[in-house]
1. Evaluate the charge dipole of the stretch 99-181 about its Cα centre and quote only its size in Debye, nearest 20, assuming +1 on the Cβ of each Lys and Arg and -1 on the Cβ of each Asp and Glu.
2. How far, in nm, would the chain grow between Asn247 and Thr151 when pulled straight, counting 0.36 nm per residue and subtracting the alpha carbon separation?
3. Assuming 0.36 nm per residue, please report the length gained on full extension of the stretch Thr118 to Asp20 beyond their Cα-Cα distance.
4. How do the peptides 16-29, 100-113, 57-70, 83-96 rank, highest first, by the average count of neighbouring beta carbon atoms within 10 Å per residue?
5. Label points 7 Å out from Cα along the Cβ direction at Gln4 and Thr214: separation in nm?
6. Within the stretch 274-289, which residues have the backbone N less than 13 Å from the label spot 7 Å out from Ala330 along Cα→beta-carbon, could you tell me?
7. Among Arg390, Arg355, rank each residue by its count of other Cβ atoms within 10 Å, from fewest to most, as a rough exposure measure.
8. Using unit Cβ charges (K, R positive; D, E negative) and no other charged atoms, how large, in debye to the nearest 20, is the dipole of the chain about its Cα centre?
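Nothing in this text is a laboratory measurement; each read-out follows from the coordinates by a stated rule. Source: prediction; values computed, not measured. Positions of Cβ are generated from backbone atoms using ideal geometry, with glycine treated the same way; all protein chains shown enter the neighbour counts.
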Amino acid sequence: MAYQSPISPGISWYESTIADRTQYPALDGSRSADVVIVGGGFTGLSAAVHLASAGVDVVLLEAFRFGDGASGRNGGQLGTGQRSWAEELEAQYGFERAKALFDLAEEAKSHLLEFAETHKIDIEYVPGQMSVVHKKRYLKSYREHAELMTTRFNYPHIHYMEADETAERLGSTRYLGGLYDKGTGHIQPMKLVVGTARAAAKAGAHLYENTKVTGIKSENGKVTATTATGTITAAKALIAVNAYGGNLEPVSASHVMPIRSFIGATVPLGDDSPVLPGGESVDDSRFVVRYFRRSQDGRLLFGGREAYTADNPLDISTHIRRQIAEIYPALANVEMTQAWGGSVGITMPRQPFVREVMPNVISAGGYSGHGVMLSNFVGKLYAETVAGNRDRLKLLEDLKVPSFPGGRTFRAPMLFLALSWYALMDRI
């Protein structure tokens, strides 16, 4: 029987295709370390690899299984740059800093692909990504963005698509135009999780699953992470729980909000299907973004967040199939083999939240749907910080990320109302 995450509904297609998902022991007892990491997703596992490879004694604690959160259940798209467009960052921070943030993200992309190759992780990388427009009023900004990427930010891999090229590449006339980016692509994220964990263990990191951290404190120059079966005492700590932190640490909780995202997998569509004949991934211009791609065996993996009130996989399938049919009417009755959900960590400005939340404790998350690429690299940057070079992580630490309004009592209802409003705006 396939394993199902206790924190996220549905067995993902990713999980169902992996036969060698190593299970790591739970913590039994107490010990000390140089660094303790809380959270076994992309950020935490990446940090563990790089720290252990540098000879640091590192312990990683995961409440469930590695990849049970967003890292193992996402859309698999890498993207380019930060979540905010480079020109938006320039308007806020100036060109020099915006360019540095863009270049950092491009290095993150290269690092991920090189890391997978070095550690022989078959992440099923497929190049090509389209960002497509569902409303005529957005076409101008997309056209201008393509030009700016080439002329101002030295990124020649992107071009603007007119409606006919968009329709040909999508196999659908639903969208009006968009961007084609040949400098990025998509992966099988759970394979990256499994492979990164294996690399971390091989490097000497101490990895523990099914070990929930119930408290973390920093006193007298030491950090203590408490679990039901023991404590870890360390010089430094990384909190890498993203959307799944609950009330573990209040500063992170006030800045990173979990919202639910859902994906469905169809049966293989066949080699003669007109859907995405080039194999690219797609995201659209909705605020409540829809994202989709073909899997290695020809399935359509389709995700969206308009179904954020769904409670179980059957409801997810209904919502997702309806969204598929809007783009591909011929698939209105397509069979869905899996449907699953999970939580994505977002911040108010859709920029990563990286901050020292107490002495010697750094928290990282809030990648806002752009985490496949960025979160892995943040783990590497954290390892650099432990080694004494904090300059590159500071680029993210210094981002202006405010807390969500409403406090713990009202912020979730306020976010629900905001998402409902934006979903309505996407339709008119």
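1. Result for the stretch 99-181 is approximately 580 debye, rounded to the nearest 20.
2. 30.1 nm
3. 33.4 nm
4. Answer by packing, highest mean first, reads 57-70, 100-113, 83-96, 16-29.
5. It works out to 2.7 nm between the two label points.
6. 274-277
7. Numbers: Arg390 15, Arg355 20.
Ascending Cβ contact count within 10 Å gives the list Arg390, Arg355.
8. Values: 44 positive and 45 negative charges, 181 e Å.
Roughly 860 debye for the chain.
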